[in-house]
Amino acid sequence: MSKRITIDPITRIEGHLRIDCEIDGGHVTKAWSSGQMWRGIETILKGRDPRDAWIFTQRFCGV
Amino acid sequence: MKDLEYGSMNEETVCGFSRRDFLKFCSTLAVGMGLPLSAGAKIAEAVTAQKRPPVLWLSAQECTGCTESLLRANHPTLEKLILELISLEYHETLLVGSGKQAEEWRTKSMKEYKGKYILVVDGSIPVKDNGIYCKIGGKTVMSLLVEMATDAAAVVAIGSCSSWGGVPSADPNPTGASPAHEVLKNKGVKTPVVNIPGCPPNPYNFLSTVLYYVTFKKLPELDDQARPKFAYGRLIHENCERRPHFDAGRFALQFGDEEHRKGYCLYKLGCKGPETFANCPVQLFNDVGSGAWPVGTGHPCFGCTEKGVGFTVPLHTPARPKYLTPPSLFTEVYPGKEGISPGVKALAAGFAGAAIGAAGAAAVTGLGKKDDDTKDKGE
């Protein structure tokens, strides 16, 4: 009988990460990771002056 | 002044600093806020006399740049001071426990320090589709903000995202990214909010605000956008070291041209200093000496602190100067642009001394502003 555990938030990393895993007989049988935040920067970039792109893409991650 | 003479201080340490360095640090912060030097001693007293103020840090749609900026403040062992000066109860990036443990600690701290803790928010709050674009522990950050701010003594929105929306709120704002104060206002939460915009903001603007609060039990004087006046009271243009070049009409026109190499004014490359309020040229970054800020390194300011400028106006679009209109005799931003005959330009420039000419030149070159701003209201 498998058991499912969820760890959310995962700390000590940049961003909002969630991990779900299924455990069967002491072994992880399935696992999912998911980012819990979306800003749509790709969408924001559309139609802009290409010289402005770095201002946005640079801010995907500040680490 | 007697208490600020460091020479006779012994080797006693405060927060891991020598007493001498600690007092120096507090005095520097006091001066940065425009307070008398003696306030430094008061800050030192407040910091050491009482239990460290609890701080809970909520991360929304952010990139962790604000945290990085704060942790990388190169003032020696500043991170030690931050960690020992305030009691950082909850911060996703720094917390040891994950998942359930993190959530339990958050609720425990909120209960224990009800009405006393400072809530720091970085990142914008997505409100579109009931806030599903940012979740922590299965809860939307929108609901977490309301829950955590309700019981806080004060909210400090650090960074442009939580101050006015920042990057995620840029057109077309796919997630309905909103500033913290707006979400709280709409939900009827009355906790006072102070905004420290910047992408990232200068860590000392944040530290000074928190220390001011700890010392005087109230927020520093704020402007109409809830920004501390000591940090956002003046335009970048007012304190810029390249300002004499602006006044003399000496501009870089392209990256790497002779004027750019000479360190001339970057206004014509799109510098937003004339419409951006921040203390970057004075406070600088990373404690490495003069020139350590964007314009100092030869890049135009893009107005990251300013709502309606940063991430909104294209980088190389000329700024709309507030208070200060450049003399109409300045050469154009785009010399030889189609659609304006050279004769009109010459005519306008020729009459530049007279009122009609000045208006004409301003209209032709696009340097003028709609309202009358010829007076220097900023003093």
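We did not get these values from a lab; they are worked out from the coordinates using the rules stated. Computed from a prediction, not measured in an experiment: that's the story for all the values here. No Cβ is skipped: glycine too gets one built from the backbone with ideal geometry, and neighbour counts run over all protein chains shown.
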For this session: Answer yes or no: is there a residue in the range B:259-273 that is out of contact with any Pro (no Cβ under 7 Å at 6 or more places or on another chain), in a loop (DSSP other than H, G, I, E, B) and within 18 Å of B:Leu29 (Cα to Cα).
Result: no
Exercise. Can you pull out the residues in the range A:29-59 that are in contact with a Ser or Thr (Cβ under 9 Å, 6 or more places away or on another chain), over 22 Å from B:Ile132 (Cα atoms) and within 9 Å of chain B (Cβ to nearest Cβ)?
Worked result: A:Asp49
For this session: Evaluate the following for B:Val193: is it over 12 Å from the mean Cα position of the chain (by Cα) and away from chain A (no Cβ under 14 Å)?
Result: yes
Exercise. Quick check, is B:Gly115 within 12 Å of chain A (Cβ to nearest Cβ) and more than 23 Å from the chain's Cα centre (by Cα)?
Worked result: no
Problem set entry | Number of the condition not met by A:Trp54 [criteria: (1) within 24 Å of B:Leu315 (Cα to Cα); (2) surrounded by 11 or more Cβ atoms within 10 Å (Cβ to Cβ)] | (2)
For this session: Considering every residue within the range B:245-252, establish whether at least one is of a type in the set (A, V, I, L, M, F, W, C), surrounded by fewer than 23 Cβ atoms within 10 Å (Cβ to Cβ) and assigned to a helix (DSSP H, G or I).
Result: yes
Problem set entry | Subset of the range B:190-218 [β-branched (Val, Ile, Thr), part of a helix (DSSP H, G or I) and within 22 Å of B:Met148 (Cβ to Cβ)] | B:Thr209, B:Val210, B:Val214
